[in-house]
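Working notes, beginning with the structure itself.
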Amino acid sequence: MTSDVLSLIRKNMDTFSKRQRAIANFIMDNYDKAAFMTAGRLGRAINVSESTVVRFAAELGYEGYPEMQRALQEVIRNKLTSIQRIEVTNDRLGSGDILSAVMQSDIEKLRLSMDTVDHEQFRAAVEQIVAARRIYILGLRSSTAIAGFLGFYFNLLFENVTLVHTTSVSEMFEQVLHIGPGDLMIGVSFPRYSSRTVKIMQFARDRGADVLAITDSEASPLCPLAGTCLLAKSDMVSFIDSLVAPLSLVNALIVAVGRELGKDISGTFTELEKIWAEYGVYENVGPVE
């Protein structure tokens, strides 16, 4: 089932009944708000019944309204400006309990990611990382946090990790200049997707390196460039992105890689503990006097 619901609506516009056409026109004109409306609320907005909205989704080929709604959300994720994000969030949250609403949304994204994660792709990613001659990690904008977290722990596990710094495009290419066969590029990006990340991943692929994408959807521009694609749901919370599910996915990736390395990682941390103790890296907290 195609996720481009807007194109699907345009294609079938001439076949719709009068009420279906009213639904279609409302969605086309207000896609940013319609994507987050329940079937009942959408129906009330245009004076049709909830069941009519549900049948409209079925007419388009979806199993139900929730599936059509998710498809619409996927399509608009990279289209919304920061101002539109704020408007959508204010409309969804209203004047209710923001703390509970945001945390509940994060829980839902974790659940959806658990239900949809491809375990074969996950295992393939672990094998690629362990086997790589050199690992390059790239994440821009809000994805910088995920890339930096991954880079921090991979630098403890491997001697061959480069965290690409988010400088100008030309300087980023300079940092990956020597990438080639046997190397691995890990690209991290979530809506709104960074064109710079896409360009660097394409360069890595063209140079013969393996490419691993960590993103939110198969519709992401990163997936066609990657041999392996790990998906975690992110969500728009006002003008920011929720990265709870992506961070959980990365946590699992780090743990799985560590277990794959086995005794090698134990030796690394044994040595680190000795160094930390010798140079007083961490303060020991004693009883308060």
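The values are calculated or read from the model by the stated rules, or taken from the named source; none is laboratory data. Given the structure is predicted, the values throughout are model-derived calculations rather than measurements. All Cβ positions, even for glycine, are placed from backbone atoms using ideal geometry, and neighbour counts span all protein chains on display. Heavy atoms of the whole protein, side chains included, go into the accessibility calculation; ligands, DNA and RNA do not. Shrake-Rupley method; radii C 1.70, N 1.55, O 1.52, S 1.80 Å.
Looking only at residues in region 132-150 that are hydrophobic (A, V, I, L, M, F, W, C) and in contact with a strand residue (DSSP E or B) (Cβ under 8 Å, 6 or more places away or on another chain), the one that is most open to solvent (accessible area, probe 1.4 Å) is Ala145.
The residue of region 128-138 that is farthest from Ser194 (Cα to Cα), among those that are touching a residue at least 60 places away in the same chain (Cβ under 8 Å) and part of a helix (DSSP H, G or I), is Val130. Whenever a residue of region 257-271 is on the phi > 0 side of the Ramachandran plot, it has no partner that is open to solvent by 70 Å² or more (accessible area, probe 1.4 Å) lying with C-beta atoms less than 7 angstrom away and at least six residues away or across chains. In the set Val288, Val237, Val244, only one residue is β-branched (Val, Ile, Thr) and modelled with pLDDT of 85 or more; that residue is Val244. Selection of region 151-160 for residues being under 22 Å from the mean Cα position of the chain (by Cα) and surrounded by 15 or more Cβ atoms within 10 Å (Cβ to Cβ) yields Gly151, Tyr153, Phe154. Considering (1) among the acidic types (Asp, Glu); (2) over 22 Å from Val250 (Cα atoms); (3) buried (at least 19 other Cβ atoms within 10 Å of the Cβ), the lone condition that Asp183 does not fulfil carries the number (2). Would you call Asp4 modelled with pLDDT under 90 and either open to solvent by 50 Å² or more (accessible area, probe 1.4 Å) or over 28 Å from Ser220 (Cα atoms) (or both)? Here the answer is yes, as Asp4 does meet what is asked. Among the residues making up region 130-150, those that are closer than 21 Å to Phe190 by Cα and over 17 Å from the mean Cα position of the chain (by Cα) are Ile135, Tyr136.
Condition check ((1) at pLDDT 60 or above; (2) farther than 27 Å from Leu231 by Cβ; (3) open to solvent by 50 Å² or more (accessible area, probe 1.4 Å); (4) part of a helix (DSSP H, G or I)) across all residues:
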position	(1), (2), (3), (4)
Ala58	yes, no, yes, yes
Leu72	yes, no, no, yes
Val75	yes, no, no, yes
Asn78	no, no, yes, no
Arg92	no, no, yes, yes
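Number of residues in region 161-180 that are open to solvent by 60 Å² or more (accessible area, probe 1.4 Å) and at pLDDT below 90 equals 4.
Out of region 183-197, which residues are more than 22 Å from Gln128 (Cβ to Cβ) and part of a helix (DSSP H, G or I)? Listed by number, the residues that qualify are Ser195, Arg196. Being more than 18 Å from Ala124 (Cα to Cα), at pLDDT below 95, part of a loop (DSSP other than H, G, I, E, B) and of a type in the set (D, E, K, R) holds for only one residue in Glu283, Glu218, and it is Glu283.
From the list Leu261, Leu230, Leu253, Leu225, the one residue that fits, being under 17 Å from Phe152 (Cα atoms), modelled with pLDDT of 85 or more and under 24 Å from the mean Cα position of the chain (by Cα), is Leu253.
For region 240-260, the candidate set comprises residues that are among the β-branched types (Val, Ile, Thr) and farther than 19 Å from Val126 by Cβ; within that set, the residue that is surrounded by the fewest Cβ atoms within 10 Å (Cβ to Cβ) is Ile240. Residues of region 1-14 that are assigned to a helix (DSSP H, G or I) and touching a residue at least 24 places away in the same chain (Cβ under 8 Å): Val5, Leu6, Leu8, Ile9, Asn12. Being touching a helix residue (DSSP H, G or I) at 6+ places or on another chain (Cβ under 8 Å), touching a residue at least 12 places away in the same chain (Cβ under 8 Å) and closer than 22 Å to Leu112 by Cα, is that true of even one residue in region 24-33? Yes: one or more hits.
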